[in-house]
Structures are given as structure tokens and as C-alpha cells.
1. Only residues that are farther than 22 Å from VAL376 by Cβ, part of a helix (DSSP H, G or I) and either acidic (Asp, Glu) or open to solvent by less than 40 Å² (accessible area, probe 1.4 Å) (or both): list them for the range 39-67, please.
2. Is it the case that some residue within the range 232-242 is hydroxyl-bearing (Ser, Thr, Tyr) and over 19 Å from the mean Cα position of the chain (by Cα)?
3. Could you go through the range 164-173 and let me know if any residue there is assigned to a loop (DSSP other than H, G, I, E, B) and at pLDDT 95 or above.
4. Can you tell me which residue among ILE478, ILE553, ILE489, ILE495 is exposed (fewer than 14 other Cβ atoms within 10 Å of the Cβ) and out of contact with any Lys or Arg (no Cβ under 7 Å at 6 or more places or on another chain)?
5. Within the set of pairs 6+ apart or on separate chains, which have a first residue in the range 348-360 that is touching a residue at least 24 places away in the same chain (Cβ under 8 Å) and among the β-branched types (Val, Ile, Thr), a second that is in a helix (DSSP H, G or I) and open to solvent by 20 Å² or more (accessible area, probe 1.4 Å), and C-beta atoms under 9 Å apart?
6. Restricting attention to the range 590-603, does a residue exist that is open to solvent by 60 Å² or more (accessible area, probe 1.4 Å) and either touching a Phe, Trp or Tyr at 6+ places or on another chain (Cβ under 8 Å) or at positive phi (or both)?
7. Suppose we filter the range 345-369 for residues that are outside any helix (DSSP H, G or I), touching a Ser or Thr at 6+ places or on another chain (Cβ under 9 Å) and open to solvent by less than 50 Å² (accessible area, probe 1.4 Å); how many remain?
8. Counting residues that are under 28 Å from the mean Cα position of the chain (by Cα), closer than 30 Å to LEU221 by Cβ and not aliphatic (A, V, I, L, M), which helices (runs of 4 or more DSSP H) fully inside the range 481-600 reach at least 2?
Amino acid sequence: MKKWLTFSLIYSVGLFISLALVPQITLPFENPWAVVGTLTETQFNPVNNLARFAVVLLLPSLVLLLVYLKLSRQKKTKLMFERKTAQVSPFSENKPLSTSVSGKQKLLLGFFLVFSILLAFNARTHHVAREFDSFHEGESLGTSVSYLADRVPYKDFVFVHGVFQDPLRSVVAFNIFGKSIAAVRTLESAVKVFAFVLLAVLIYLIFQGNLFYSFTTFLILSLLQLDHFRFPYLILIPPREVVTFSFLIALVFLSSYFNLQKKGRKRFFIVNFLFSFIPIAAFAYSVDRGFYLLSFYLLVSPLLYLFFFRKSPFRRIYLFSSALGLSVAFLTLGFLLRFEYVEFFRFVFLTVPRYKELMDGFVYPFYEKWFLLAVVVFSANTYWLASRFLREVFLAGNKFQLATKSFLEKYFLEFSLLILSVFFFRSALGRADVDHLYYSSILIYLLTVYVLVKYFLPLILDYFKVRRVATGTLVLAIVFLSVMSVKWIQEKGLITENFPLQRKDTEIIPPSYQAVINFLKEKMTKEDKFFTFTSEASWYYFLDKPSPTRFPILWFAAPTFYQEEVVNDLIKNEVKFVLYKNNSGASAIDNISNERRFPLIAQYLKQNYVPYETVDGHEIWIKR
């Protein structure tokens, strides 16, 4: 008990100091591309969020390191170890994952997967079962029109999330279910359900088939995202996490080969191929997930080779399957991009990172409840893992390389989840609103619950001798939540809500928008070009006309050189009709009007177009 009080005190001191330092960290502001956004108006450098987060994340661990270095060997022993050495968890060491499952285990595993599907139906899907979101849903619908018109991604039209997340998601949905908004929503929900199943599989694997701990972990995470209860709503699992969970499943299987010698060569080849394939292929689904997974891969893959496979019989297989996975992923991405690698690299890697957060960023509110909770949990996870690493350093006699290998053998999954969770939280630090916080936090809380269940729950159950009581309580909770999930699905029509294929576009599109669609279709000829100044790419889907500029979502044309490019495209394509303004939030994202955000485009439109008609609050302009 004294040891844990000491650890808690050290952590509290470090956390308090770090939070006190947050307002003092202010870096110089620069805006060379004249981007207009919330941060530019207050001249706040978005890198401040990263620097402040790094301090809160690392300072408690640095305080622990300083204390450790000052202590004598005897006091280090007391700090790092309990007097009685006990098996902390039945999952402390990596061991080979068994593919053989008993009949009873198969039945329970089947129920576990069904349970995950029930909860998936009750979890919120972004932009499904809500009123039509002309901006966010338009990011896929509008860009799909350009893709179907044989335009080349990034060269002829740009987007920021990924070629599948944006244009191809709608293209695939249209091919499967027919062309409709409901088709895209249905596909999005189907992928969400699959993401939940993959999460269940991942949890089952990391607990090596122990269903008590698997159900416990999945149940806790579920309660953090279902809005049927009055629990804190802390996480959201977006459909694109199928990429993340698939990668983590491959990583779990790969870690089981650390201490194997000659068995399972074919499976090892497949596992490492997928481990190498997914990070680059992820760029096709979600650019930010691609960045984070590839960064992790580039960090971890050399470590795995150095510590585990360099002198292993798997060495050549590791190198060959890694090279093959990377190569096939590169070609797959190229195929989806129509092999336009240059513009993809220029836009995604060189340009967007330099202006995106000036365009859409917020100051991260470190002292607001849920935002504070996230960084506190982050720093606690880091602090706990730092203490485990110092323990290995102590056991290795301060031999860093030996300690690192031992640490990775024992805590590779925990280390991986921590690093990935830090990368993923980059999205919440960039655009610090509640939605981005929720769907950037799944790995934070997965790691937290995993550590609590793996290392502390067994001790608690044994100390109070309540394993049977805990098992019975868990069974009752699962049965109750399963019954309630079925009840909610029936009462709220969640099957229809998740898979609304029977709904026509006219039932989803707001009446005011439908009136404008009818008006424009009546006034426009097939040859007439249309441009929306409202950042709602959905208009190109409504009218079945590709964007006349490279920016279907105008919001991303924030730098002055992109505004000039839009103006040149409008001139070159002789655009006749312009939707200048309406009452949607997309006309003034973050309460900044498009006239202020895009002054060069606004100036051109005012000089060359005149108001033509206002239909239900939509201002339509026509070329002079």
C-alpha cells in the first residue's frame, strides 16, 4: 500500500505541475498562406496544443525518472517491487495463440460476437439516423460524382479523408444497393457493425481466449459509448476503425511469434504480410489512420526485427513478407488513386498539414471536464508503462538494450496501444471539439480498461475472494444488456435506422433543398456548369454534375493559392450558376462566413455574377 501511495504522490505532483504549465506554453504564430480560421483570428499557433499535451503526457513520468535516479538500490527495490512477489495476471507473458477451440468455447465465442453486433446496432453511426448533413454526407456523395465522371483523385478533385472514405464509399454503395443517400448510410452502418465485431475479436485475442475478461472489457467500453444510459459518453467508434482493429489483430498474432522457433511459418508469413500491408493501404480508407498506422509501423517494425527476428528462423520470412506487404499496399493504393501518386503525395503530405489546423483548429480546452479526463488518463497510462520500463531497467542492471527487449516481451501490446493512442489523439488536438475527442479516444480507454482488467482485477477478485460473485454479476449484466439491446432495436426501429434502404432521397433531403433542386433542374441545361460557394458538395450529387473546380468541398481551399486556383477554374469552365449562400452551417463554418474565409473567391463572384433567385433561403446567382 505504501508503494502505491508513493507512486500516486509522484504522479500527482507531476500532473499538477504539468497542468499549471499549460497556459505558459505559447509558440510564435505564423500564417504565410493567409488562411482564415478560428485560430488565425486569435493568432494561436496550433502547435501549442501539441506542446502542451506533450508536457502533460510526459512530465509525471519524468518526475518518476528523477526520483528513481536519486534513490539508492535498496530504496529502488522497495519502490519497484512488492515484498511478496505474486503473479500479477494470468496474461503477463506472451504465449502462442491457439487456433484450437473447444465446443463450449466456440458457443460462448459465438454469443460474444452476437453480443457485439447487438451493441453495434445500438451505437451511434455518424450521419445515419439524423437529419441530412449536407456538408459531411456531401464529402462522400459530392466527390463520388467526380470519381464516376472518370476524374483522377487529387489531380482533378481533392478531399481530405481518403479515397474510400470520401468518393469510393458512395461509389461502392451505389454499385451494391443502387444510387441513393440511403445506400451510403446503409454501407456505413454495415462497416460500423463489422468494426464492433473486429473489436470483440481483438479483445478476445488479447485476453488469450478468456471470455470472463473479454466480456468485462467489452462491456465497459460499450457503456462508454451507448447513450441509453446516464454514463459518461466518452468514445465513439467510427466505421473506419475496421482498419485500426484489423491492424491490431495482426499485431497480436505477430507478438505470439516472439519466442517461437520453427513452427507456423505459413501463418507467420500471412500475419506479417498483413501487418506490413495495412498501414499503407489504410491511406485509401482514411488518410489520418494511414498516417498514424504508418508512423507506428516505421517505429516498431525495426524494433521487432532487431530484438526478436534478426537471429530467428523467421528472419528471411519477416523481411520478405514485410517488403511484399508494403509493395502490394502501395500498388493497391495506386489503383484506387488511378495511379496519381504525385498529386496525392503533394496534397496529403506536403500541403494539407501546413494549413489544415489554421483552417479548422480550436484551442484544446485542457481544463474542461471530458477534455481534461482524456489527457489525465493518457498521462496515467504513460506513467504506468514508464514505471514498468524502469522496473525492467532495474532488473537488467541498467543495461538498456536488455531492458528494452524484456520490456517489449512483457508489455508489447500495452506499449503499442499507448503509442497508437498518442498518434490517434492528434485528431482531437487538431480540431478540439467534442466529436473529434470522442472518436479519437477509443484506444486510450481500450488501453486503460485492458490494464485494469489484466493487472488489477485478478488481484481484487482474489483478495476479496469474489470470483464466483463477479462471474455471476457479469453474466447477469450481459443477459440484461442483451435483452435491453433487443428491446431498443425493436422499439426504436434500429434495424431500419441503421439500414434505411427503403427511404428515397426525397424523404431524406430537406424540403427547402428539394425546392432548390427542382428549380435548378428546370433552369439549367445539360451543358450548364454549377458551383456552390457553401462548401456543401452534396449539391453536385443532387444535380448529378461534377464540381467545376478541383475543390468539391470548398472549405479545403483555404490558402490564397487554392482560392486563386478555384477562380481560374470558374473562368475556364464558364460556370453559369452559383449557389452563393444559404442558411446551412456550411455557409459559415465555425461562425466564419465564406465571404470572410474565401475573400478572393467572393470578390470574383461579386464582380462577375448577380443575384438571380432566392429559393427557400438559398441565394442563387447567375453569370453576368
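1. Residues satisfying the conditions are LEU39, THR40, GLU41.
2. The answer is no, given that none of the residues of the range 232-242 is hydroxyl-bearing (Ser, Thr, Tyr) and over 19 Å from the mean Cα position of the chain (by Cα).
3. No, the conditions are met nowhere in the range 164-173.
4. Going through ILE478, ILE553, ILE489, ILE495 in turn, just one is exposed (fewer than 14 other Cβ atoms within 10 Å of the Cβ) and out of contact with any Lys or Arg (no Cβ under 7 Å at 6 or more places or on another chain): ILE495.
5. As it stands, the answer is VAL348/PHE291, since those pairs meet every condition given.
6. Yes, there is a match, as at least one residue in the range 590-603 is open to solvent by 60 Å² or more (accessible area, probe 1.4 Å) and either touching a Phe, Trp or Tyr at 6+ places or on another chain (Cβ under 8 Å) or at positive phi (or both).
7. So the answer is 2.
8. Once the helices (runs of 4 or more DSSP H) in the range 481-600 are filtered for at least 2 residues that are under 28 Å from the mean Cα position of the chain (by Cα), closer than 30 Å to LEU221 by Cβ and not aliphatic (A, V, I, L, M), what remains is 494-498.
The values are calculated or read from the model by the stated rules, or taken from the named source; none is laboratory data. No experiment lies behind these values; they were computed from the predicted model shown. We place every Cβ from the backbone using ideal geometry, glycine too, and count neighbours over all the protein chains shown. Note: accessible area is taken over every heavy atom of the protein model, side chains too, but ligands, DNA and RNA are not part of it. Shrake-Rupley method; radii C 1.70, N 1.55, O 1.52, S 1.80 Å.
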